[in-house]
Amino acid sequence: MNGKIEQYLHSLIPERTGLLKELEDFAMENNVPIMEPEGIEVLLQILRLHQPKAILEVGSAIGYSAIRMAETLPEARIVTLERNEARIEQARANFKKAGLSERITLIEGDALEAGPKVMEHGPFDIIFVDAAKGQYKRFFELFEPFLADAGIIITDNVLFKGLVAENIEEMEMTRRKRALIKKIRDFNIWLHDHPHFDTVILPIGDGVAISKHRGDKNEKA
């Protein structure tokens, strides 16, 4: 997106206060990955339009996105996954500060091993994926069966600072980073070709993919 337009849109977003501002400042000071302001505004607007009753979040970090979602939808219940022990402790403390501990369930451990626990809380109207980018396809395949009919899966960071559109072979970067970019590119293609989902990628924040299921979840590919 044009830099001036991006700055203009950013200027229209209301300033956060209280706990939300505190969490944003903490994330910036401690290099904690939370969703960018423009991206989370898109996410919250989708929630307002879709009015989900149950949301699964893959990747809690310090609990910022879960709190934003819970405050936007007072009737929704949220299940969120996190494996980092320090982040788990911080997220739980933040949920308590926000008065949302009873509405947000935090499942500890590796998301790729959390299927049985997640299944107990499903189905979910929205699944929000904001965790290890190199595992996006595996997350999608693992948790898609827990999506309600006509549900939506939202995936953040699918443009990876615009690097998915660059000629990375001519850029100086680590082999690991180059491999990650290729994985995200492959995921984006796979997502657009998925037989059961219609997907659009919005160049907002760090790139937000919105994948809407086409119909009956019992149909086989």
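Of the GluC sites (Glu not before Pro) found in the stretch 1-103, the ones in coil according to DSSP and having at most 12 other Cβ atoms within 10 Å of their Cβ are E15, E75, E102. GNM remark for the chain: springs join alpha carbons under 10 Å apart, and the peak mean-square fluctuation among A61, A98, A209 falls on A98.
Using the Cβ-Cβ distance between H50 and E89 with R0 set to 30 Å, the FRET efficiency from 1/(1 + (r/R0)^6) comes to roughly 0.45. Amide H contacts under 5 Å for I62: none, restricted to partners 5 or more places along the chain or on a different chain, H placed in the peptide plane at 1.01 Å from N.
Only one residue of I5, I204, A111 has its Cα farthest out toward the positive end of the dipole of the chain, where Lys and Arg carry +1 and Asp and Glu -1 on Cβ, and that residue is A111. As I understand it, the dipole of the chain uses +1 on the Cβ of Lys and Arg and -1 on the Cβ of Asp and Glu, about the Cα centre. Which of A93, F187, T17 lies farthest toward its positive end? In the chain, that residue is F187. Residues considered: M173, M119, M28. Largest GNM mean-square fluctuation over the chain, using C-alpha springs under 10 Å, is found at M173. Please report the spacing between the Cα centers of the stretch 144-190 and the stretch 59-78 in Å, no decimals. Centre-to-centre (Cα) distance: 24 Å. For the stretch 13-150, the residue among H121, I46, G134 whose Cα projects farthest onto the positive side of the dipole built from Cβ charges is H121. Under a model in which nothing but the beta-carbon of Lys, Arg (+1) and Asp, Glu (-1) is charged, the stretch 1-89 shows a dipole of about 340 debye around its Cα centre. With R₀ fixed at 25 Å, the C-beta to C-beta distance from R176 to D110 puts the FRET efficiency at about 0.80. Beyond a 26 Å Cα-Cα separation, which of these cross-linked pairs lie in this structure: K96/K117; K96/K137; K177/K212; K53/K183; K182/K212; K117/K177? Exceeds cut-off: K96/K137; K177/K212; K53/K183; K117/K177. Here the stretch 45-84 is scanned for amide nitrogen atoms under 16 Å from the site 7 Å beyond the Cα of E22 along Cα-to-Cβ, giving 62-65, 67-68.
From its DSSP helices (H runs of at least four residues, each -39,500 (n - 2.57)), the chain gives a residue-normalised ellipticity at 222 nm of -12000 deg cm²/dmol.
Solvent exposure of the stretch 5-91 amounts to 51 Å² per residue of accessible area, where only protein heavy atoms count and the probe is 1.4 Å. Among the protein heavy atoms of the chain, carbon and sulfur supply 50% of the accessible surface, probe 1.4 Å, non-protein parts ignored. If a helix is a whole DSSP H run, which ones in the chain reach 27 Å or further along their own axis (Cα) and hold a mean Kyte-Doolittle hydropathy of at least 1.6? Both cut-offs are met by no helix. The loop-placed trypsin sites (Lys or Arg not before Pro) in the stretch 17-119, going by DSSP, that have at most 15 neighbouring Cβ atoms within 10 Å of their Cβ come out as K53.
Springs between Cα atoms under 10 Å define the GNM used for the chain, and in it the highest mean-square fluctuation of I204, I168, I104 occurs at I168.
For the chain, the dipole from Cβ point charges (+1 on Lys and Arg, -1 on Asp and Glu) about the Cα centre works out to 220 debye, to the nearest 20.
The values are calculated or read from the model by the stated rules, or taken from the named source; none is laboratory data. This is a predicted model, so every value here is computed, not measured. Ideal geometry is used to build each Cβ from the backbone, glycine not excepted, and the neighbour counts take in all protein chains shown. Calculation scope for accessible area: heavy atoms of the full protein, side chains included, ligands and nucleic acids excluded. Shrake-Rupley method; radii C 1.70, N 1.55, O 1.52, S 1.80 Å.
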